[in-house]
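The structure appears right after this line, and notes come after that.
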């Protein structure tokens, strides 16, 4: 029996070691993006992103906590406008600030997550008009901390966050076309 326990312990320790080493080899950065075509002009869509009050009408991440605490600061829209949030374990705590705003074409944001996992990412929305529609792309990029790499061994962050982006873009589309 003791021999079996020793072999089992060595096997488990080996699996843990292999997993930790594999996580360390994963990419040091990430990038993901989703796009949607909306039957509206960029001028109609832009304020729904550039004004964080408008953004939060369709922001899918806020739906995970109806009791979230939001604090807005800076101008009403555009560069310098920001909000901080503090929510449940699904939403976490952090800050989002618009760092660049090019009317009707691009909005760049700095996303600082504090909880549940610290992260500092770049978020970018681009609006491209074509034949009476606008393609809106929501992209995010940043560095991958070791803990994110380790979680990524078991959970696809691309799929998980990508689904949230798709849901949010669908809500943006409904709002802009409605």
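Things to note:
- Rounded to 10°, Cα long-axis angle of helix 157-177 versus longest principal axis of the chain: 20
- The ranking of 50, 131, 100 from fewest to most other beta carbons within 10 Å of each one's beta carbon is 131, 100, 50.
- Debye log10 I(q)/I(0) at q = 0.15 Å⁻¹ for the chain, Cα point scatterers: -0.88
- In the chain, the longest principal axis of the Cα atoms and the axis of helix 2-24 are about 30 degrees apart.
- Within the chain, helix-based [θ] at 222 nm, where runs of 4 or more DSSP H residues each add -39,500 (n - 2.57), nearest 500: -11000 deg cm²/dmol
- Taking each residue as 0.36 nm, the span from residue 100 to residue 153 lengthens on full extension beyond its C-alpha to C-alpha distance by 15.7 nm.
Each value in this text was obtained by applying a stated rule to the coordinates, not by laboratory testing. Here the structure is a predicted model, which means the values were calculated and not measured. Neighbour counts are summed over all protein chains in view; Cβ atoms, including those assigned to glycine, are modelled from backbone coordinates with ideal geometry.
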